[in-house]
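Visitor: I am attaching a structure below and will ask some questions about it afterwards.
The values are calculated or read from the model by the stated rules, or taken from the named source; none is laboratory data. Remember, it's a predicted structure, so these values are computed and weren't measured experimentally. Cβ coordinates were reconstructed from backbone atoms using ideal geometry, including for glycine residues, and neighbour counts include every protein chain displayed. SASA here: full protein model, heavy atoms, side chains in, ligands and nucleic acids out. Shrake-Rupley method; radii C 1.70, N 1.55, O 1.52, S 1.80 Å.
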Amino acid sequence: MRSHVQRIGFMAAAVSVLMFAAFQMSAFGEDEWTDATVVYVVRHAEKASGSARDPELSDAGVERANLLAQMLQDEALGAVFCTATVRSRSTGEPIAAVAEIAIQEYAPMDAAALASRIRRNHAGQRVLVVAHSNTVAPIVAALGGDRIEELHEEEYDRLFAVVLNEAGNNPTLKLRF
């Protein structure tokens, strides 16, 4: 059973996603935002400690991956992109299962190719990208989003949502979950 603090955290995250929907409607007009491409970019969840080259998720990481799936379950995701690492795939698997879609692999150091692929193949859809601490900012930038700082090694609770539009001034919402 979840603790009181975890439930409050989930509720705050859910409210943030609802606020983002309101943000989209105000930015694009109520009819236009539903056709916008929205790309959620998140770092993989907490990894298990140890010296493994490709570590699994810790217990806290598994909980965070499940929380992410709960937060995005109503977004009707059209794609989930993960790197080939166990921690990235394990973060994306719960929401991919909910959305009933296969995870698509991408090269983490080629943000431009990923952004192009999303624009070409997923226009008008909601997309999740599970990245790494040093690739979140370049991916958001390649999508035309606001400039963000590289994540610190211990930051796992950031969710960025980039709304792609034809003008290229793609607003970015920064959330904690």
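Visitor: Using θ = phi - 60° and the Karplus curve 6.51 cos²θ - 1.76 cosθ + 1.60, what whole-Hz ³J(HN,Hα) does each residue of the stretch 66-74 get, with Gly and Pro shown as x?
Guide: 5, 5, 4, 4, 5, 5, 9, 4, 9
Visitor: So for His132, His152, what's the accessible-area order with a 1.4 Å probe, most first?
Guide: Heavy-atom accessible area, descending, gives His152, His132.
Visitor: I would also like to ask the following. To the nearest Å, what is the center-to-center distance of the stretch 44-85 and the stretch 163-177, using C-alpha atoms only?
Guide: Each part's Cα centre sits 22 Å from the other's.
Visitor: Give the carbon-plus-sulfur fraction of the accessible surface of the stretch 63-166 in %, rounded to a whole number; probe 1.4 Å, heavy atoms of protein chains only.
Guide: Here it works out to 45 percent.
Visitor: Could I have the simple spin-label model distance between Arg147 and Ser133, label points 7 Å from Cα toward Cβ, reported in nm to one decimal?
Guide: 2.3
Visitor: Next question. Give me the net charge of Val39's neighbourhood, meaning all other residues with Cβ under 10 Å from the Cβ of Val39; Lys, Arg count +1, Asp, Glu -1.
Guide: Around Val39, the surrounding residues sum to +2.
Visitor: Hand me the trypsin sites (Lys or Arg not before Pro) from the stretch 32-70 located in a DSSP loop with no more than 11 other Cβ atoms within 10 Å, in residue order please.
Guide: Qualifying residues, ordered by number: Arg53.
Visitor: Rounded to two decimal places and with Rh computed the Kirkwood way over Cα pairs, what is Rg over Rh for the stretch 42-177?
Guide: Result for the stretch 42-177 is an Rg/Rh of 0.94.
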